[in-house]
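Structure record follows, encoded as C-alpha cells.
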Amino acid sequence: MLYNNYLKNIQRDKTHCPFCSDISERIINKNEYAFLTYAVAPYHKHHLLVIPFRHTKSFLDLSKQEVHYIDDLLRESAELLHDLGYKNSSILMRDNNTKNKSIDHLHYHIMPDVRLGDLDHNNKARKMMTGSEIKKILKDIHKFRKPPDDKIIHFICSGNTYRSRLAEAYLNSKKIEGLKAISSGINAEKIAVYPVRWYTEKISEENMLEKHLSPYWKQTTSSLIEASDLLIFLSRDIFELCSSFQFKTPHKIWDISDVDLTKSDEKIIKDTNIAFMEIKKKVDNLLLIEKNKGF
C-alpha cells in the first residue's frame with residue numbers, strides 16, 4: 001500500500017492516532033515517557049522513530065522529564081544505526097502542525113543520512129512495509145538490541161516522597177530480571193516540597209536502599225500510566241484521584257497510611273517503620289504472585 005493511501009484511511013477517522021494504539025508489538029525499547037520503534041512507511045529500511053507516549057503536537061509542550069527520557073532513546077537510536085553499519089545519521093522532528101507532518105502526534109525520525117520527502121532514498125514513492133519486510137528489519141535490529149521484556153510495576157501515592165518511593169526502591173533492590181518498579185505522585189507538583197522526606201531517607205539508609213531510591217519525585221501522568229504493566233495505588237483515595245485518567249491498565253489497591261506530620265519525630269519514625277514493614281510484606285507477596293505468573 002502506498003503511504004498516501006494509508007494516510008487517507010487514517011485521516012477519515014479523526015479520533016484515531018496510530019501512535020496511541022496498536023503499538024505494543026512494534027516497540028523496540030521504551031522508558032516511562034517514550035518508546036523507540038521503526039517506521040512502517042520508511043524513507044530508508046532502517047528508519048527509526050522515537051515517540052512520546054503522551055499525545056502532544058509540539059515539542060514545546062513536553063516537560064523537562066519527557067525531554068530527558070526522549071533524549072535517552074534518541075541516543076540509543078543513533079547508536080543502533082551505528083551498530084548496523086552507518087557512519088552518519090539524521091534526526092528530524094517537525095514541530096506542531098507543519099505542512100509536511102503527516103501525523104500530528106509528535107515524533108522524531110532517526111535514520112541513515114538520506115534525503116527526505118514524499119520519495120524514499122531510491123526516489124520511489126514511499127510504501128507501507130509488508131509483514132515479511134518488517135520481520136527482516138527486526139531481525140537486523142535484534143542482532144544489536146533485544147526486544148524489551150521488562151514488566152513495569154508503577155507505585156502511586158500522593159506526593160511521591162515517601163510511600164511509593166520506598167515501595168519502588170524495595171522492589172528494585174531485589175534486582176529481578178524482567179521486572180522494574182517506578183513510582184509517582186498524583187499531587188506531587190502541588191505538595192512535594194522536598195525531593196524526598198527525611199524519614200524516607202532514614203528508612204532507606206537503615207535498609208540499604210539508597211542506591212535504589214530514585215533521586216526526585218515524579219508527577220503521575222497519563223503517559224506514565226500507559227507505560228506501566230501494573231499499577232499499585234497505595235490507598236483507595238489515591239486510586240479515586242487517578243480515576244480521571246480512565247486507564248485500562250491492571251491495578252491493585254493497597255492500604256498504606258500516609259504519615260501524620262503533626263506528630264512528634266519519634267512518633268513519625270515509629271509509624272513510618274511500621275508502614276515500611278507493611279510495604280515490604282505486600283511487595284514480597286506481589287513478587288510471589290508475579291513469579292508464579294512468569295515475569
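The values are calculated or read from the model by the stated rules, or taken from the named source; none is laboratory data. As the structure is a computational prediction, the values presented were derived from the model and not from experiment. Note that we place each Cβ from the backbone using ideal geometry, even for glycine, and neighbour counts take in every protein chain shown. Heavy atoms of the whole protein, side chains included, go into the accessibility calculation; ligands, DNA and RNA do not. Shrake-Rupley method; radii C 1.70, N 1.55, O 1.52, S 1.80 Å.
Here is how the numbers come out for the structure above:
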| item | result |
| --- | --- |
| Accessible surface, 1.4 Å probe, highest first, among residues Met129, Met111, Met277, Met208 | Met208, Met277, Met129, Met111 |
| Folded to 0 to 90 degrees: helix 163-173 orientation relative to the chain principal axis, Cα | 70 degrees |
| Cα centre as origin, Lys/Arg/Asp/Glu Cβ charges: segment 130-238 dipole, Debye | 300 debye |
| Farthest toward positive dipole pole in segment 157-295 [+1 Lys/Arg, -1 Asp/Glu at C-beta], among Leu224, Leu287, Ser184 | Leu287 |
| Fully extended contour minus Cα-Cα distance, from Asn285 to Ser21, at 0.36 nm per residue | 91.8 nm |
| Inter-centroid distance (Cα atoms) of segment 42-82 relative to segment 225-256, Å | 27 Å |
| Point-charge dipole on Cβ atoms (K/R +1, D/E -1) for the chain, about Cα centre, debye to 20 | 1020 debye |
| Kirkwood Rh in Å, taken over all unlike Cα pairs in segment 230-295 | 13.7 Å |
| Charge-dipole axis of the chain as Lys and Arg at +1 and Asp and Glu at -1 on Cβ define it, positive-most pick from Phe19, Phe59, Asn273 | Phe19 |
| Cα-based helix-to-principal-axis angle, 64-83 vs the chain, degrees rounded to 10 | 50 degrees |
| Packing-based order for 152-159, 75-82, using average beta carbon neighbours within 10 Å, highest first | 152-159, 75-82 |
| Calculated FRET efficiency for the pair Glu206/Glu79, C-beta based, R₀ 35 Å, to 0.05 | 0.35 |
| Among beta bridges that DSSP assigns inside the chain, antiparallel share in %, nearest 5 | 55 percent |
| FRET efficiency estimate (nearest 0.05) - Cβ-Cβ, Ser222 to Lys267, R0 45 angstrom | 0.75 |
| Accessible area in square angstrom per residue, the chain, 1.4 angstrom probe | 54 Å² |
| Selection from Ala125, Leu49, Ile137 lying farthest towards where the dipole of the chain points positive, charges on Cβ | Ala125 |
| Unit charges on C-beta of K, R, D, E only; dipole of segment 183-275, Debye | 160 debye |
| At R0 = 30 Å, FRET efficiency that the Cβ-Cβ distance of Asp72 and Lys135 yields, to 0.05 | 0.65 |
| Cα gyration tensor, segment 171-254 - rounded (a/c under 1.5), prolate or oblate | oblate |
| Protection-proxy order for peptides 59-68, 176-185, 256-265, each taking the mean of Cβ atoms within 10 Å per residue, highest first | 176-185, 59-68, 256-265 |
| Amide N of segment 272-288 lying under 20 Å from the label point, which is placed 7 angstrom from the Cα of Lys175 along Cα→Cβ | 284, 287-288 |
| Exceeding the 28 Å Cα-Cα cut-off - candidates Lys57/Lys252; Lys64/Lys282; Lys139/Lys174; Lys180/Lys282; Lys190/Lys267 | Lys57/Lys252; Lys64/Lys282; Lys139/Lys174 |
| Diffusion coefficient, µm² s⁻¹, Stokes-Einstein with Kirkwood Rh over alpha-carbon pairs of the chain at 25 °C and 0.890 mPa s | 116 µm²/s |
| Sum of -39500 (n - 2.57) over DSSP H runs of 4+, divided by residues of the chain (222 nm, nearest 500) | -11000 deg cm²/dmol |
| Cα long-axis angle, helix 3-12 against the chain (0 to 90 degrees, to the nearest 10) | 50 degrees |
